[in-house]
C-alpha cells in the first residue's frame with residue numbers, strides 16, 4: 001500500500017497525510033482539514049494474501065474531491081485484484097476454494113473491498129448510510145424538482161403580465177381547468193426530469209437508487225406538488241416575473257443549502273434549520289430508501305414530506321384566486 | 001317544443017358565411033335554464049362594480065341590439081375596460097344583471113363566453129408560437145377541431161392580412177401586425193359579439209385604417225361589435241351608436257346626431273382677420289345672436305351664432321365697419337369632443 005501511495009501518479013493527484021486514529025481522521029474530515037480519508041486494518045496485507053481484505057473509506061464534503069480520491073483508491077483495489085487473480089492462476093483451484101472473494105474477482109464479479117464508512121460520532125453524520133454520490137444525486141434531484149415549480153410561478157406571472165391569461169379566461173373554459181392544466185403540465189415535465197436524473201446517474205455514475213422505484217416516484221410527486229404550490233403562493237404575493245424568479249430561486253437555494261444539499265456535514269445548527277425545508281425530508285426519505293433503512297424511518301420522512309405538501313396545498317388553495325387573477 | 005327558424009343573412013364578397021344561418025331554439029330547454037329574454041343581444045341592468053372604496057362602474061344600464069357597432073367612448077379610467085370585463089365574465093359584478101343573448105353572465109358564464117370574441121387592449125399572443133399556431137391554439141379552446149379548425153384559422157389569417165406571415169413568429173412583427181394577430185385570435189369561432197378594447201393603441205395610421213376597415217367588414221359579416229376607444233375620431237367613424245362613459249357612469253348614449261342634438265350643440269364659425277382689433281372683437285361678442293365667443297391666436301374668432309345664415313352678414317358688417325378684411329371663414333360641425341366637453345366640462349384628452 002505504501003509503495004502504491006508513494007508512486008508518482010498518485011502523488012500528482014493526492015496530498016497524503018497520516019492520521020493517528022479513525023476518530024482523528026473523521027474529525028479532520030468534519031472540520032474540513034481533510035477532503036477524503038481511508039483506513040486499513042493493521043493486518044491488511046495478511047487479509048489480501050488470504051483473499052480477503054477490506055478498506056474503510058470516509059468521503060468528505062466535496063463531491064469532486066471524493067470522486068478523485070475514489071478513482072485513486074479504485075486503482076489500488078484493481079491492482080490488488082489483479083495480483084489475487086494471478087495467485088489463483090498460480091495456485092490453482094485450491095486457492096479458489098480457500099478464497100471465494102478471489103474467485104469472484106477472477107470471474108469479473110467485483111466484490112467490494114472498500115467499505116464506505118461514515119463520520120458517525122456523537123450522532124453527527126455527513127452522508128449517513130449512503131455514498132457521497134448517492135447523497136449528492138438525491139440532493140440535486142430534489143433541487144431540480146423544486147426548481148421545476150419555479151417554471152409554474154414564472155409561467156403564471158408571465159401570462160398575467162402579457163395578458164394571455166386574461167384572454168384564456170375569456171374563453172369558454174373554466175379558470176380551474178386552465179390553471180390546473182398548466183400546473184399538471186409542469187408536474188409532468190418535473191416527473192420526466194426526475195426519471196431522467198435517476199436513469200442518468202444510475203447508468204453513467206452507477207448510483208444505486210435502491211429497488212423501491214414506487215417510493216421514489218411518490219417522493220418526487222410530493223416534492224413536485226409542494227414546489228408547484230410554493231410557486232402559486234409566491235405568485236399570489238408578487239406580480240412581476242423577475243421578482244418571482246428571484247424570490248423562488250433564493251428560497252430553493254437556501255433550502256438546498258440548509259438541508260446539506262450543497263455542502264454536506266454542516267454544523268448542527270444548520271442541520272436543525274434544514275429540518276424546516278422541503279429538501280430535508282425529501283432527501284431523508286430517498287436516502288432511507290436507497291440504504292434500505294428502517295421502514296419506520298422511511299415512513300416518518302415520507303409522511304413529514306406529505307404533511308408539508310398538504311400544508312402548502314392548503315395555503316395555495318387560499319391564495320389561488322389572488323395568484324391567477326388578471 | 002322545438003322551433004326551427006331559417007332566415008337569410010347578408011352575403012358579402014368575402015364568402016365568409018354560409019347563405020343561411022340556422023338557429024335551433026328549444027323553448028322548453030331555455031325555460032328550464034331560466035332564459036326568458038331574447039330581445040337585445042346585450043343588456044346591462046343597474047350594474048355596479050366596486051374595487052374596495054372605488055366605484056368603477058356605477059349603475060350602468062345599457063342595451064345593445066344585434067348588428068350594431070357600439071362605440072364606447074371615454075377617457076382612461078372612465079370604466080370602459082371594466083365594463084367589457086364584466087360582460088366577458090372576467091370580473092364579477094357587485095350588483096345588477098348582465099345578459100348576452102338571454103344568458104346571464106353570472107349564471108351561465110361559459111354560454112356567454114362561447115358567444116364572445118374578445119380582442120384585449122394588451123397584445124395577448126404567444127411570441128414563441130407562429131401566427132398560425134397562435135390562432136390555432138385559441139381556436140381549439142373555442143372547441144374547433146379538424147377541417148373546420150384549419151379552415152377557420154386560414155380564414156382569420158387571410159382576413160387580417162397575415163396569411164403570408166402565418167409561419168413567422170410575432171417577435172418579428174410590427175406593432176400593427178401584432179394588433180391584427182390579436183384580432184385574428186378572437187374571430188375564428190365567428191362570435192356573435194366581438195369586443196374590441198382599444199385595438200388601435202400605439203400603431204401606425206395604415207394599420208389603424210386596416211383595423212377600422214376590418215371592424216366594418218366583420219359587422220357586415222354578422223358580428224355585433226363593441227368598440228372601446230378614447231380616440232373619438234375612430235368611434236365617430238365606425239359606430240352606429242355611441243355610449244360615453246365618465247367616472248364609471250354612462251353619461252350619454254345614442255347616435256352621434258342624437259347626442260349632439262340632445263346636448264343642444266350647434267355648429268360654430270371660425271373667422272380669421274389678421275388685424276382684428278379689441279373693439280371689433282368686443283362688438284361681435286355683444287351681438288345678441290352670438291351665444292358662444294372665444295378669441296384665439298392669429299386673429300381667429302370662434303363663435304356660435306343663432307340662425308347663422310341670417311345673421312352672419314351682421315358679423316361681416318362689423319368687421320368691415322372697423323376696416324378689417326375677412327381672411328378665412330370656416331364652419332365647424334359639433335363633434336364628440338365638444339359633446340364630452342359640454343357634458344363633463346373636461347376634454348377627453350384631459351381625462352386621459
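Values in this text are rule-based calculations from the coordinates and carry no lab data. Bear in mind the structure is a predicted one, so any value in this text is a computation, not a measurement. A quick note on method: Cβ atoms are made from the backbone with ideal geometry, for glycine too, and the neighbour counts reach across all protein chains shown.
Listed values, structure above:
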read-out: Viscosity 1.002 mPa s, 20 °C: Kirkwood-radius Stokes-Einstein D of the range A:175-296 over Cα pairs, µm²/s; value: 133 µm²/s
read-out: Cα-based Kirkwood hydrodynamic radius, the range B:229-352, one decimal, Å; value: 16.1 Å
read-out: Hull-based mean projected area of chain B, where the convex hull spans the alpha carbons, in square nanometres; value: 22.9 nm²
read-out: Relative contact order, percent, chain B [alpha-carbon distance under 8 Å, six or more residues apart]; value: 17 percent
read-out: Shielding score for B:82-93, defined as the mean number of other chain Cβ atoms within 10 Å; value: 2
read-out: Gaussian network model of chain B, springs between alpha carbon atoms under 10 Å - residue of B:160, B:240, B:53 with greatest fluctuation; value: B:53
read-out: For the protein assembly as shown: rounded, prolate or oblate by the Cα gyration tensor [a/c cutoff 1.5]; value: prolate
read-out: Three-way shape label, the range A:17-74, alpha-carbon gyration tensor, a/c 1.5; value: oblate
read-out: Sequence of A:209, A:281, A:299 once ranked by neighbouring C-beta atoms within 10 Å, starting from the fewest; value: A:299, A:209, A:281
read-out: Contact order relative to length of chain A, as percent, for alpha carbon pairs under 8 angstrom and 6 or more apart; value: 18 percent
read-out: Kirkwood estimate for chain A, i.e. one over the average of 1/r between Cα atoms, Å; value: 22.5 Å
read-out: The range A:205-248: C-alpha gyration tensor shape, a/c 1.5 cut-off, then a/b vs b/c; value: oblate
read-out: DSSP beta bridge pairing in chain A, given as percent antiparallel to the nearest 5; value: 60 percent
read-out: Label-zone membership for the range A:211-245, site residue A:318, 7 angstrom Cα→C-beta point, backbone N under 17 Å; value: A:229-238
read-out: Inter-label distance for residue A:2 and residue B:283, nm, one decimal - labels placed 7 Å from Cα along Cα-to-Cβ; value: 13.0 nm
read-out: MRE, 222 nm, helices only [DSSP H, n ≥ 4, -39500 (n - 2.57), over chain A, to nearest 500]; value: -23000 deg cm²/dmol
read-out: Contact order normalised by residue count of the range A:132-324, Cα under 8 Å, 6+ apart, percent; value: 33 percent
read-out: Antiparallel DSSP beta bridges within the protein assembly as shown, percent to nearest 5; value: 70 percent
read-out: Shielding by partners - mean other protein chain Cβ count within 10 Å, residues of B:118-126; value: 5
read-out: B:210, B:262, A:129 arranged by Cβ crowding within 10 Å, fewest neighbours leading; value: B:262, A:129, B:210
read-out: C-alpha center-to-center spacing [the range B:91-133, the range A:227-280] in angstrom; value: 38 Å
read-out: Listed residues B:168, B:204, B:246, most fluctuating in chain B (Gaussian network, C-alpha, under 10 Å); value: B:204
read-out: Test item: A:158-170 mean partner chain Cβ contacts at 10 Å; value: 6
read-out: For B:154, A:245, B:307, B:297, order by how many other beta-carbon atoms lie within 10 Å, fewest first; value: B:297, B:307, B:154, A:245
